[in-house]
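**Student:** Just dropping this structure here.
The values are calculated or read from the model by the stated rules, or taken from the named source; none is laboratory data. Just so it is clear, the structure is predicted and the values come from calculations on it, not from any experiment. Cβ: placed from backbone, ideal geometry, glycine included. Neighbour counts: every protein chain shown.
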Amino acid sequence: MSRPQPKGTVVIDTARCKGCELCIPACPPAVLRMSTRRNASGYLLPELLEGCTGCGACLLVCPDYCFEVYRLEGDKQAGAQPSPSAADGARSGRVADTRELPVAQEIQ
């Protein structure tokens, strides 16, 4: 019996996106593609197809911090809502962006 694929979704801050396309090849399940839609600044926007696993690869490569990544709870049906209030974040909830963690001070 195979293990079920994790389910997730992303929320893209379209106003912030500059259409760099770094997220497209970084997506392991290949569910991001560039659309023909443009934001107010005129940049083409990525769009999310079905099959997101919530891995967070797009979040890690995005230079403009455009992605919020969520893992969906396993028991919910299609149309499940992200659960950003989950405490552990490993099985459900928002995926942490490690780029926002404080950098350790250099020891002298």
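**Student:** Applying the selection to the range 19-45, what residues are closer than 15 Å to L60 by Cβ and not in a loop (DSSP other than H, G, I, E, B)?
**Tutor:** Within the range 19-45, C23, I24, P25, A26, L32 meet the criteria.
**Student:** Continuing with this model, one more query. Looking at this structure, is R16 in a strand (DSSP E or B) and charged (D, E, K, R)?
**Tutor:** No: the conditions fail for R16.
**Student:** On to the next question. Evaluate the range 80-90: report whether one residue or more is small (G, A, S), at pLDDT below 90, in contact with a Pro (Cβ under 6 Å, 6 or more places away or on another chain) and surrounded by 15 or more Cβ atoms within 10 Å (Cβ to Cβ).
**Tutor:** So far as the range 80-90 goes, no, none of its residues is small (G, A, S), at pLDDT below 90, in contact with a Pro (Cβ under 6 Å, 6 or more places away or on another chain) and surrounded by 15 or more Cβ atoms within 10 Å (Cβ to Cβ).
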